[in-house]
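The values are calculated or read from the model by the stated rules, or taken from the named source; none is laboratory data. On a predicted model such as this, the values are computed, not experimentally measured, just so you know. Note that each Cβ is placed from the backbone with ideal geometry, even for glycine, and that neighbours are counted across all protein chains shown.
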Amino acid sequence: MRGCNKLKKFYWFQLCSVLLLGGYLLLFTQWHIETNLLSILPNSSQKQDFTIAEQALFTNKSQQIVVLISGENARRAHNAIATAVSEIDQVSILRTPEPSLSEVAEFYLPYRHNVLTATYLEHIDNSHALMQLATNQVIQLANPFVSATIAKAPRLNLAQYLQEALANLGDIEFEQGMAFVRVQDQRYFLSRLQVSLNGLDLNASTTIATKLQQLFSDIGNTEQVEFLYSGILFHTAESTSQAKAEISSFGVLSIIAVLLLIWTVFRSLLPLVAAIMVITIACVYGFIAMLLFFQSLHLLTLVFAITLIGVVIDYCFHAFVYADRNQSNNKNYKSNPLVKPLVLGFITTAIGYFILVFSPLSLLSQVAVFMIFGLLGALITVLILLPQLKGFAKITRSVSAITFSQRGVDFFHKLLNHKTIIISILGLALSLLAIVAPIQFNDDVRLLNSSPQWLIAQEVKVATALGYQGSQRLIIKAETPQQMLETQEQVIERIHDTQANIKIKGINNLLPSIKRQQQHYALISQADESGYFHGVLAISDLADPITMFHPLTYQDFLQGPLASVAQTYTASYQTATTPEKKAYALWLELSNEPLSAANILWLEQHKSVALYDTASDVSDALSQYRQGVFYLLISAFIVVMVILVAKYGLKAGALSSIATIGSALLALTLSQLFSSYLNIFNLLAVLLIIALAIDYVIFYHEHGLQAKTFLAISLSALSSAAVFGILVFSATPAVSSFGLTVMVGIVSIFILAPIAAKKAQI
Amino acid sequence: MKLIKHTITVKLMLSLLALAFSVITLAKSHSPAEPQTIALNTKAIASGNFVQRKYFKILKHPIKSQGELYFDVDIGLLWLTKQPISSALLLKKSGLFTEDNSGVSKQIKGASAISRLLLSIMSGDNEKISENFIINNSQIELCLNLSPKLPQLAKLINRVQLCQATEHDEKNPFLSEINHIVLHEHSGNRTEIDLQLETITALPEAVRARLQ
């Protein structure tokens with residue numbers, strides 16, 4: 001009795017401590033909730049040290065929204081957006097700068113002897129060809145580049161350089177100061193919006209997305225124009241509302257299902273209250289543990305965390321089924337028949353989840369921490385607090401539950417006489433399924449995208465109109481701007497030498513490296529000395545003496561009229577290793593043709609260059625991680641089986657293995673039948689199946705195939721199947737795959753677990 | 001005799017009245033402040049020759065080029081320079097392209113506005129011209145001044161002068177046949193184009209193929 005009081009005191013002490021800790025973490029630490037799936041997946045960069053460069057280049061852009069407007073009144077709609085957006089907090093219009101040709105020409109004039117286009121370069125030692133090139137420019141109808149530069153740069157190399165460099169910037173044209181793109185005969189006016197949110201504030205994201213969508217819809221109706229928009233904000237808002245809806249609907253449905261089950265079996269209010277209390281405490285423990293270990297919680301973690309209810313309720317069922325033993329025995333903790341199987345069950349389940357704590361997928365680490373600590377909270381509450389509740393010992397099973405469990409036990413007793421046949425059928429069924437629906441994994445992360453189809457379709461249309469659909473991005477980083485520009489030139493040269501059709505967009509055509517400028521300066525000087533420019537200069541009869549070399553630097557460029565281009569394609573940042581020193585990065589957009597395998601290999605060997613392909617990087621990482629999870633599963637399974645064999649003997653251990661592996665394989669092969677491919681989440685579900693299966697097997701070993709055990713396991717299986725079954729309806733493929741496999745696995749283990757049971761007195 | 005006198009007097013008066021009316025009309029039509037409409041003869045498909053002179057403020061002499069041109073408003077424009085070098089400018093539906101004498105084609109992005117303007121003028125697309133330009137009479141007889149409304153064009157060109165070298169068509173008080181175009185740039189540079197156009201029923205197959 002004294003021991004019991006000590007435990008009670010310990011329980012309240014630890015509960016208060018956990019709650020205090022939770023309060024502190026909640027109020028005084030910085031934490032936030034994420035919704036972006038990519039943020040919880042393995043690091044998207046193929047090279048870890050590119051992460052900071054990526055952030056410097058793209059973080060700001062990730063909060064931008066691109067809006068395309070088409071229709072007769074598109075210009076009016078464009079203006080209406082600019083006016084209306086100013087009234088939405090945290091959203092501003094980003095002007096698409098329209099470079100003034102005279103300013104640009106004026107800016108480049110001092111560097112006119114440092115720049116050559118490929119055509120000029122090709123003919124630099126051919127006076128006739130140079131004259132043809134120049135004449136061709138001069139006779140062009142109102143060529144503004146010639147007009148703007150001929151007086152001071154009569155070689156016309158600058159006119160051609162600017163014409164090509166500016167044309168390469170993109171297909172954006174301007175009308176009355178408004179940017180537009182032309183797709184076939186349709187004009188799309190372009191609006192860019194910048195959202196300024198601290199981190200990813202989900203509620204603010206949803207509010208802003210709703211306001212903007214409403215605004216687009218209103219203006220679209222008034223002006224009879226069509227809107228296309230694209231931006232991470234809309235995906236965040238969609239997944240937030242989706243996850244919120246699922247958490248609330250699935251959570252409520254799970255609780256209702258579980259409570260109905262409790263009411264049907266125990267016909268008393270106390271088990272209902274006790275179950276809610278245990279589930280609440282478990283959730284609180286899990287949540288506080290997540291706050292303790294993670295600063296950023298993913299919303300999807302909370303969706304997965306609903307599964308805690310399914311496992312925690314198992315503990316409650318065992319406690320309720322065995323509650324009446326307290327009427328005959330004293331409340332001595334040691335005499336509690338639940339302690340051993342529940343603790344053993346918790347340890348095996350926790351081992352399973354513990355493996356996931358070190359997962360590179362932060363989502364799984366979070367789910368694992370939530371489950372381990374949630375189950376721990378539930379375990380100690382079930383073992384220490386529940387028996388102390390007034391009237392707990394009087395909880396009895398309803399007559400129908402007793403009849404059901406008795407019939408179930410009889411049925412399985414009969415089945416147990418045919419263990420060999422059952423095992424043979426299982427083997428045969430698995431073999432057949434392996435032939436009919438061989439297990440195939442597809443690790444493409446895009447298949448896990450839960451964004452609605454209409455949003456993805458809009459994204460594609462916007463990308464197509466702006467010419468970046470199917471493009472690839474390269475990131476180049478360096479310690480100095482000149483290193484960065486020189487590397488860029490090497491990379492472009494290599495790509496164009498091997499894949500001439502690839503179109504490259506970036507700062508490359510506007511800002512050559514000083515080294516390249518020196519080369520061009522030397523060539524122009526040499527051609528001038530050789531008299532190759534005589535014919536060209538004779539067209540205008542103007543002189544252009546070549547003066548001292550004066551390079552155009554990165555810093556000069558940032559001060560010039562094309563600074564906005566530099567800000568789009570380049571960034572400077574502080575590195576983690578030498579924060580006092582700045583590093584530089586730029587990105588290039590490659591389109592028209594994908595990089596060849598040889599070029600990708602060449603780039604991978606280049607330390608300063610990385611292919612920025614988030615989806616492909618994450619898919620590769622997922623593939624590797626899936627293989628890792630597979631080996632971990634086998635290791636975990638071997639460890640647990642060794643424990644079971646050591647504890648219950650070779651035959652029982654072997655039967656347990658068959659039941660566990662059989663249910664896991666059945667779950668995977670049947671999931672394969674229902675869906676066209678399996679993903680990592682199906683495999684992760686197997687981990688949970690093994691954890692639950694071991695719980696069932698341990699209970700059958702400890703208590704035998706008897707009515708109480710059968711009833712507790714039936715209730716566990718039913719509740720878990722209901723909770724996980726609900727997840728099948730999730731719109732998030734990851735959650736849905738997980739739910740399907742776990743549900744099938746639970747049904748399988750419910751049928752197979754009794755073969756591992758020892759025969760017992762009822 | 002009296003009757004003859006009266007008749008002469010009436011005729012004279014009428015003539016004076018007509019003259020006065022003409023002077024008023026002419027004065028009105030020559031008022032630079034008064035916006036005008038335009039009624040060019042429509043040519044959907046045509047071919048012809050051009051002589052272009054580019055006057056750069058900085059240069060003493062204009063740069064002269066000449067050649068042939070073909071257009072079909074539904075297909076595009078081929079501006080074929082023969083002298084001093086061979087080159088071609090092709091305005092297709094997909095954009096503006098240049099072709100050098102070796103046949104290498106290159107797209108000129110965002111520069112199709114002037115070619116489209118020329119095509120509108122040559123083809124007599126009065127609606128488009130009126131939509132995109134403020135039309136005023138020029139100080140020069142038989143000429144009109146067009147000021148671009150669109151900033152896209154206004155950035156490149158200050159004004160366009162359209163002139164008719166031949167006499168007025170009495171039935172049409174406005175210009176009908178344009179054969180001299182001057183593009184005035186903001187820099188003071190200008191491009192003068194003399195045209196000789198004739199309507200044809202269809203583009204030659206080779207031209208059509210190049211514009212497709």
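I need a count of the residues in the stretch A:121-163 that are of a type in the set (F, W, Y) and either touching an Asp or Glu at 6+ places or on another chain (Cβ under 7 Å) or within 12 Å of another protein chain (Cβ to nearest Cβ) (or both). Full working, then the answer.
Our first condition is that a residue be of a type in the set (F, W, Y); within the stretch A:121-163, this holds for A:145, A:161.
Next, only the ones that are either touching an Asp or Glu at 6+ places or on another chain (Cβ under 7 Å) or within 12 Å of another protein chain (Cβ to nearest Cβ) (or both) stay: A:145.
Adding up the residues that qualify gives 1.
Check A:V278, A:V273 and return the single one that is buried (at least 16 other Cβ atoms within 10 Å of the Cβ) and among the β-branched types (V, I, T). Please lay out each step first, then the result.
On the way: A:V273 fails: buried (at least 16 other Cβ atoms within 10 Å of the Cβ).
Being buried (at least 16 other Cβ atoms within 10 Å of the Cβ) and among the β-branched types (V, I, T) holds for just one of A:V278, A:V273, which is A:V278.
If you take the residues of the stretch A:583-618 that are at pLDDT below 80 and buried (at least 20 other Cβ atoms within 10 Å of the Cβ), which of them is nearest to A:T480 (Cα to Cα)? Lay out the reasoning, then the answer.
Looking only at the stretch A:583-618, we keep the residues that are at pLDDT below 80, and these are A:613-618.
Of the ones still in play, those that are also buried (at least 20 other Cβ atoms within 10 Å of the Cβ) are A:617-618.
On the way: A:D617: 27, A:V618: 30 Å.
Filtering the stretch A:583-618 for residues that are at pLDDT below 80 and buried (at least 20 other Cβ atoms within 10 Å of the Cβ), the one nearest to A:T480 (Cα to Cα) comes out as A:D617.
Kindly establish whether A:S591 is among the small types (G, A, S), more than 27 Å from A:E493 (Cβ to Cβ) and touching a residue at least 60 places away in the same chain (Cβ under 8 Å).
Values: among the small types (G, A, S): yes; more than 27 Å from A:E493 (Cβ to Cβ): no; touching a residue at least 60 places away in the same chain (Cβ under 8 Å): yes.
So A:S591 fails the test.
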**Study point:** Residues (in a loop (DSSP other than H, G, I, E, B) and touching a residue at least 40 places away in the same chain (Cβ under 8 Å)) located in the stretch A:399-455
**Key:** A:A437, A:P438, A:I439, A:Q440, A:N442, A:D443, A:D444, A:N449, A:S450, A:S451, A:P452
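What residue, among those in the stretch B:183-196 that are away from chain A (no Cβ under 11 Å) and out of contact with any Phe, Trp or Tyr (no Cβ under 6 Å at 6 or more places or on another chain), is farthest from B:L59 (Cα to Cα)? Please lay out each step first, then the result.
Filtering the stretch B:183-196 for residues away from chain A (no Cβ under 11 Å) gives B:192, B:194-196.
So of that shortlist, the ones also out of contact with any Phe, Trp or Tyr (no Cβ under 6 Å at 6 or more places or on another chain) come out as B:192, B:194, B:196.
Working: B:E192: 15, B:D194: 20, B:Q196: 27 Å.
Ranking the candidates gives B:Q196 first.
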Review point. Restricting to the stretch A:199-240, what's the tally of residues that are aliphatic (A, V, I, L, M), at pLDDT 90 or above and not in a helix (DSSP H, G or I)?
Key: 2
Practice item. List every residue pair whose Cβ atoms sit under 7 Å apart, with the two residues 6 or more apart in sequence or on different chains, where the first one lies in the stretch A:530-555 and is in contact (Cβ under 8 Å) with a residue 24 or more places away in the chain and the second, anywhere, is of a type in the set (D, E). Key: A:Y532/A:D125; A:L537/A:D544; A:I546/A:D528
**Study point:** Where A:A500 falls short, out of the listed (1) assigned to a loop (DSSP other than H, G, I, E, B); (2) in contact (Cβ under 8 Å) with a residue 24 or more places away in the chain; (3) surrounded by fewer than 20 Cβ atoms within 10 Å (Cβ to Cβ)
**Key:** (2)
Practice item. Take the residues in the stretch A:694-712 that are small (G, A, S) and modelled with pLDDT of 85 or more, then tell me which one is nearest to A:I309 (Cα to Cα). Key: A:A712
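Out of A:A576, A:A598, which single residue is in contact with a helix residue (DSSP H, G or I) (Cβ under 8 Å, 6 or more places away or on another chain) and either in a strand (DSSP E or B) or within 27 Å of A:K503 (Cβ to Cβ) (or both)?
Details: A:A576 fails: either in a strand (DSSP E or B) or within 27 Å of A:K503 (Cβ to Cβ) (or both).
Unique residue meeting the criteria: A:A598.
Taking the options A:I247, A:I309, name whichever one is modelled with pLDDT under 80 and surrounded by fewer than 18 Cβ atoms within 10 Å (Cβ to Cβ).
Details: A:I309 fails: surrounded by fewer than 18 Cβ atoms within 10 Å (Cβ to Cβ).
Step by step, each of A:I247, A:I309 is checked, and only A:I247 is modelled with pLDDT under 80 and surrounded by fewer than 18 Cβ atoms within 10 Å (Cβ to Cβ).
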Check your understanding: Mind checking which pairs have a first residue in the stretch A:171-185 that is more than 7 Å from every other protein chain (Cβ to nearest Cβ) and a second that is assigned to a loop (DSSP other than H, G, I, E, B) and of a type in the set (D, E, K, R), Cβ under 6 Å, 6 or more apart or different chains?
Key -> A:V181/A:D171
**Study point:** Selection within the stretch B:56-81 - modelled with pLDDT of 90 or more and basic (K, R)
**Key:** B:K64
Practice item. Kindly indicate which of A:G739, A:G745 is modelled with pLDDT of 90 or more and surrounded by 24 or more Cβ atoms within 10 Å (Cβ to Cβ). Key: A:G745
Study note, to complete from the structure: Of (1) part of a helix (DSSP H, G or I); (2) in contact (Cβ under 8 Å) with a residue 60 or more places away in the chain; (3) of a type in the set (A, V, I, L, M), A:V747 fails just (2)
Practice item. Specify the residue that is nearest to the other protein chains (Cβ to nearest Cβ); the eligible residues are those in the stretch A:534-559 that are of a type in the set (S, T, N, Q) and assigned to a loop (DSSP other than H, G, I, E, B). Key: A:T547
Exercise for review: Give A:L687, A:L683, A:L586 a once-over and let me know the one that is in a strand (DSSP E or B) and either among the polar types (S, T, N, Q) or in contact with a helix residue (DSSP H, G or I) (Cβ under 7 Å, 6 or more places away or on another chain) (or both).
Suggested key: A:L586
Exercise for review: Pairs only if they're at least six apart or on different chains, beta carbon under 7 angstrom, first in the stretch A:721-735 and of a type in the set (G, A, S), second in a loop (DSSP other than H, G, I, E, B); list them, first residue then second.
Suggested key: A:A731/A:S450
Exercise for review: Determine the pairs where a residue that is within 17 Å of B:K43 (Cβ to Cβ), located within the stretch B:201-212, has a partner that is of a type in the set (V, I, T) with Cβ atoms under 6 Å apart, the partner being 6 or more residues away or on another chain.
Suggested key: B:L211/B:I75
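Quick check on the stretch A:88-105: of everything there that is among the small types (G, A, S) and at pLDDT below 85, which residue is farthest from the chain's Cα centre (by Cα)?
A:S102
Restricting attention to the stretch A:371-393, does a residue exist that is basic (K, R) and not in a helix (DSSP H, G or I)?
yes
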Exercise for review: Please list, ordered by first then second residue, the pairs with beta carbon atoms under 7 Å, 6 or more apart or interchain, first in the stretch A:672-683 and within 14 Å of A:G745 (Cα to Cα), second of a type in the set (D, E, K, R).
Suggested key: A:L683/A:R626
